[in-house]
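Computed from the coordinates by the stated procedures, all read-outs in this text should not be read as laboratory data. Treat the numbers as computed from the prediction; the structure is a model and nothing was measured. Every residue, glycine as well, gets a Cβ built from its backbone with ideal geometry; the counts of neighbours run over all protein chains shown.
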Amino acid sequence: MNDDWLRRNRENWDDRVPVHAASDFYDLAGFRAGADTLRPFEIDELGDVTGRSLLHLQCHMGQDTLSWARRGARVTGLDFSAPAVETARGLAADIGLADRARFVVADVHDAAEALGGERFDIVYTGIGALVWLPDVERWARVAASSVAEGGMLYLAEFHPFTEVLGDEGTAVVRDYFFTEGERFDHPHSYTGDGELAHTAQVQWHHTLGEIVTALARAGLVIELLNEHDYTLWARFPHLEQTPGRPGYRHPAGRPRVPLMFSIRARRPA
């Protein structure tokens, strides 16, 4: 894989920002009005964050970051896209949280340097973040280095098993253990609207075992690993929204596979 993957991905994500900011999918107006973008299992598994310092790696436009701030955390969001960080700062000001939220432009691999070696009670990340990184062990070392003693890393992500099921989600169509970076060219983002000028992007697949092992090798102690039966969008055509329940799920009576997962890992005091 060419070493220009980072530039290509940054250009692609810079283009996505105005598209996402105007989309119904991100609904920034609803967020300004008080909507919470966190998943219920994240709130349950991470617990009370009041007064705690929280670093959100690969934060995009900062809605999840600011949702934690609304719950009482002192938050720092970091993203490699300057337009995304500019949007996040504007959101923080709009909802009156600029004094409890800061946003930094930096590649995730440079987080320690960009933040002056600061450590946090909670390092939070995920929801589509890891596929953009070629080396999950390097990511784990960087993320763990920002966790304070006695603090925790919390990761919520799309389940890698979904990648073997193809577009229909009804049969195994590809190797779960493929490791090569893949280049894609898509004229649209996943919100389905708006044209992107920079369509090239590079993604990597990381197995659940690789992710857990990388965190353990980085010196963190795994406290929980949960798999979840719903996701944030209609990943497969048969997934349904259930009234009163979040996300998209397999229909009743149909065999289920995990669609998201979450990990909480702690740095020993």
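Structure values in brief
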quantity: Dipole magnitude of the chain, debye to nearest 20 (Cβ charges: Lys/Arg +1, Asp/Glu -1, about Cα centre); calculated: 760
quantity: Alpha carbon centroid spacing (whole Å) that separates region 211-269 from region 1-36; calculated: 22
quantity: Cα-centre dipole for region 93-134 with unit charges at Cβ (Lys and Arg positive, Asp and Glu negative), debye to 20; calculated: 100
quantity: Computed FRET value (nearest 0.05) for E182 with H109, which takes r as the C-beta separation and R₀ as 25 Å; calculated: 0.80
quantity: Farthest positive-ward along the chain dipole, Cα basis, beta-carbon charges - from L46, A144, S189; calculated: L46
quantity: Translational D in µm²/s for the chain (Stokes-Einstein at 10 °C, 1.306 mPa s, Kirkwood Rh from C-alpha pairs); calculated: 83
quantity: Neighbour-limited loop hits for chymotrypsin sites (Phe, Trp or Tyr not before Pro), region 110-201 (at most 16 other Cβ within 10 Å; DSSP other than H, G, I, E, B); calculated: Y176, F177, F178, Y190
quantity: Charged-residue dipole, Cβ positions (Lys, Arg, Asp, Glu), region 1-159 about Cα centre, Debye nearest 20; calculated: 340
quantity: Ellipticity estimate at 222 nm from DSSP helix runs (n ≥ 4, -39,500 (n - 2.57)) divided over the chain, nearest 500; calculated: -8000 deg cm²/dmol
